[in-house]
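Since every read-out is calculated from the coordinates, none of them should be taken as a lab result. As the structure is a computational prediction, the values presented were derived from the model and not from experiment. Cβ placement follows ideal geometry from the backbone for every residue including glycine, while neighbour counts extend to all protein chains displayed.
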Ligand SMILES: Nc1ncnc2c1ncn2[C@@H]1O[C@H](COP(=O)(O)OP(=O)(O)OP(=O)(O)O)[C@@H](O)[C@H]1O
Ligand SMILES: [Mg+2]
C-alpha cells in the first residue's frame, strides 16, 4: 500500500493556542479521506501544514514522499489545493484566472481544459465575468476547477462543497468518487457528515487539535452506527 500523506506528531501552536496537537495520521493512495471536527478543531491548520503554507511547531509530515517543511514548493507543485473560503482575484475574469493558474502550473491546452470545467460545472456564461462579480457558489466552482486543472495525484480540499446547491453537490461528489477510482487521492475537510459518509473511504475526527479517531468508514457498519451518531459520540455533544 502506497502512503501519500504521513504525519507524525504534527503540532501547531499559535501563541497559547495549540491548533493541532501531536497528530499522527497516514492516508493511503486512492483514499477519499475526510477530515472532520467542530469549528476551531484544527482542520484548516492541518491542511495548511500539509500543503507547506505554514510550518509545524513540532512534528513532521511527508506528502507524496516530500517533506512539507524542507520542500513546501515541491509539495505545492504536485498537489491540488482548495483553500478555505478563499476567492479568486477580483480583477481577473474566470477564464483569466484559470489561464493564470495554467501558466503557473505549466498546463498544456489550458483553453480546452478550462472549457471542460466551464461546461462540467455549468458556468460557461460566466467565462469572461470578473471574479468580483461572480456569486459565491460560482467563485467556489472556479476554486474547484483550479485545484483539479492539472489532474493532481493528490488534492487537499478545505470545505469545498458548502456553497454549492444540491445539484452541484451531487455532481461534485460524483467527480470526487470517480477521481479516487482512477487512482487519485482526496483529503477533504467537511462539516457535511452525510456527504462524508456517502463518499469517504476513511476519516479522522479532530477535536481541540487532537486526533480523536482515524479509521475506515466501513468500520461504522460493524458498529451499526451512522457517521453523524459516531461523530457526536466522539466529540461528546
Ligand atoms: N493564524 C492564526 N493565528 C492564531 N490562531 C489561529 C490562527 N489560525 C488558526 N488559529 C486558531 O487555531 C484553532 C484551529 O483553527 P482552524 O482554522 O484550524 O480550525 P478548523 O477546524 O478549520 O475550524 P472551522 O471548522 O471553523 O473551519 C482555532 O482556535 C483558531 O482560532
Ligand atoms: Mg477550517
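What the table below lists for this structure:
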read-out	value
Options 157, 110, 167; residue that is under 17 Å from the mean Cα position of the chain (by Cα) and at negative phi	157
Residue within the range 150-169 that is more than 16 Å from ligand 1 (Cβ to nearest atom), part of a helix (DSSP H, G or I) and farther than 20 Å from residue 83 by Cα present	yes
Residue count, the range 76-93 (criterion: in contact with a helix residue (DSSP H, G or I) (Cβ under 8 Å, 6 or more places away or on another chain) and without any contact (Cβ under 8 Å) to a residue 40 or more places away in the chain)	2
Enumerated strands (runs of 3 or more DSSP E) restricted to the range 1-93, each holding at least 1 residues that are more than 30 Å from residue 133 (Cβ to Cβ), more than 16 Å from ligand 2 (Cβ to nearest atom) and in contact with a strand residue (DSSP E or B) (Cβ under 9 Å, 6 or more places away or on another chain)	3-14, 17-28, 32-36, 58-63
Total residues in the range 20-34, condition more than 16 Å from residue 61 (Cα to Cα) and in contact with a helix residue (DSSP H, G or I) (Cβ under 6 Å, 6 or more places away or on another chain)	3
Selection from the range 94-127 of residues that are over 23 Å from residue 171 (Cβ atoms) and in contact with a helix residue (DSSP H, G or I) (Cβ under 7 Å, 6 or more places away or on another chain)	99
Single residue of the range 37-67 satisfying the filter (more than 16 Å from ligand 1 (Cβ to nearest atom) and touching a residue at least 12 places away in the same chain (Cβ under 8 Å)) that is surrounded by the fewest Cβ atoms within 10 Å (Cβ to Cβ)	60
Residues of the range 185-237 classified as crowded, with 19+ Cβ neighbours inside 10 Å, away from ligand 1 (no atom under 16 Å from the Cβ) and in a helix (DSSP H, G or I), total	3
